[in-house]
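Data block below; observations after.
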Amino acid sequence: MVGGGRGAFIGGVHRMAAALDSEIELVCGAFSSDPEKSRLSGEDLCVDPKRVYGSFKEMILKEKKLPENKRMDFVSIVTPNHMHYAPARMALENGFHVVCDKPLCFNMKEALHLQKLVEETGLLFALTHNYTGYPMVKQARAMVKNGDIGQIRKVVVEYPQGWLTTKVEDTGSKQAGWRTDPSKSGIAGAMGDIGTHAENLAEYISGLKIKELCADISTFVPGRLLDDDGNVLLRFDNGAKGILHASQISAGEENNLNIRIYGTKAGLQWFQMEPNSLIVKWLDKPMEILRTGVGKLYPEATAHTRIPGGHPEGYLEAFANIYRNVAICIRARLGGTEAPAVYHDFPTVSDGVRGMKFIEKVIASGKSKAKWVEV
């Protein structure tokens, strides 16, 4: 692991997700840019002190020198955006698979270089757009793919939060601090942090690509340096139209990611805060509510369901599905085989490049008088 030391939020989430299925063991880490903090974090996590490193460079070079059956198999990068590229690049260049938090990196140049490295090395690269890991999201994707709802005409996806309604970054909040800092977050605030989740979910379920967009981007909190609210009109490559809304100043909202997809036969609705249900609204028959682990669902959904229906599976389990699938694919490679196709279902570096393009074009459109821009 790179990052995720004392005081970090997302590092703990990654570790819990990786450990959930007993497929992955944390064996080493550079948990902070401060060597002493990294050492202390290693103690907290009961990692062998000899494999707690002062920097990611030291970790990658020393792990590479270990015997193949002792060295780490992949690197998990859980740092702020501006620190994704360097460790990801070095890991790939030294033969290690990568799991990286989203968005992919700091800018488009870095994203394209990582994509090129993945293509050249053939190594696995997973991006933790964790919402794609929910069984009912996978059920929705399978229903679209199999033509159950007909040709898609309309996509509406929203991600409202309220935690940045005030200038939280001035209160010492580490999470708010780096997310609102252009030197760490990049050119976007809310649209980079959660807007990319909405974009990824829309393209993942629909199977479509955003072709053009028109964005209205705002910074409502005085003195804030990056956007905290955005509304985007979308045009997809099949002619469908869409709306994407991402906001971190929607007072009272928690993590209310939700999506509605309308085809010629039916519409689908899924809410992240009620993740075990997928609502299907048929054109010519009564509405259905499909439930995780209940009844006959598509294999893509059942393969990512752990427990019987009625036992909630949520954020950590969805996150864990990405890690489990990566572990299964790496283990297959180590054994000279190929994992079943259902386990190759995780966001890749190409999804990361799509996300970076989305960020770039949304901000460009938001600043432009000629609103529609090609993605």
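With charges set only on the Cβ (+1 for Lys and Arg, -1 for Asp and Glu), what does the dipole of the chain come to about its Cα centre, in debye to the nearest 20? Let's see the in-between values first.
Details: 46 positive and 44 negative charges, 119 e Å.
In total the dipole reaches around 580 debye.
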- prompt: Using a simple spin-label model with points 7 Å from Cα along the Cα→Cβ vector, what separation in nm is obtained for K265 and I289?
  reply: 2.4 nm
Point-to-point label distance, K50-K116, nm (Cα→Cβ direction, 7 Å offset): 3.9 nm
message: Report the Cα centroid-to-centroid distance between region 56-78 and region 107-151 in angstrom, as an integer.
response: 25 Å
task: For N256 and D34, compute 0.36 nm times the residue count separating them, minus their Cα-Cα distance, and round to one decimal in nm.
output: 76.4 nm
field: Calculated over region 174-283: convex hull of Cα atoms, volume per residue (Å³)
entry: 122 Å³
message: If N is the number of residues in region 273-375, what value comes out of its Cα radius of gyration divided by 2.2 N^0.38 Å?
response: 1.49
Label-point separation, M16 to K109 (7 Å along Cα→Cβ), nm: 3.8 nm
- prompt: Using the beta-carbon distance between D170 and L233 and R0 = 22 Å, what value does 1/(1 + (r/R0)^6) give for FRET efficiency, to the nearest 0.05?
  reply: 0.10
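Write out the trypsin sites (Lys or Arg not before Pro) in region 328-375 meeting two conditions: DSSP loop, and at most 12 other Cβ atoms within 10 Å of their Cβ. Before the final figure, lay out the partial values.
On the way: sites: R331, R333, R354, K357, K361, K367, K369, K371; in loops: K369, K371.
When the trypsin sites (Lys or Arg not before Pro) of region 328-375 are filtered for loop state and at most 12 Cβ neighbours within 10 Å, K369 remain.
Remind me, what semi-axes does the chain give for its equivalent ellipsoid, largest first in whole Å, using sqrt of 5 times each Cα gyration tensor eigenvalue?
Details: eigenvalues 212, 137, 74 Å².
The equivalent ellipsoid of the chain has semi-axes of 33, 26, 19 Å.
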- request: Would you please give the FRET efficiency between A370 and H311, computed as 1/(1 + (r/R0)^6) with r the Cβ-Cβ distance and R0 = 56 Å, to the nearest 0.05?
  value: 0.65
task: Mind jotting down the distance between the C-alpha centroids of region 304-375 and region 1-53, whole Å?
output: 23 Å
field: region 114-124 - phi-based ³J(HN,Hα) in whole Hz, Karplus 6.51/-1.76/1.60, Gly and Pro as x
entry: 5, 4, 5, 5, 5, 5, 6, 8, x, 7, 7
- prompt: What is the distance in Å between the Cα centres of region 158-204 and region 240-274?
  reply: 17 Å
message: Which trypsin sites (Lys or Arg not before Pro) in region 64-160 sit in a loop by DSSP (not H, G, I, E or B) and have at most 11 other Cβ atoms within 10 Å of their own Cβ?
response: K70
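Would you mind getting me the FRET efficiency between R89 and S183? Use the beta-carbon distance for r and R0 = 22 Å, nearest 0.05. Working shown, then result.
Working: r = 19 Å, r/R0 = 0.88.
Given R0 = 22 Å and the Cβ-Cβ separation, E is 0.70.
Read-outs: derived from the displayed coordinates by stated rules, not from any lab. Computed from a prediction, not measured in an experiment: that's the story for all the values here. FYI the Cβ positions are ideal-geometry reconstructions off the backbone, even for glycines, and counts take in every protein chain you see.
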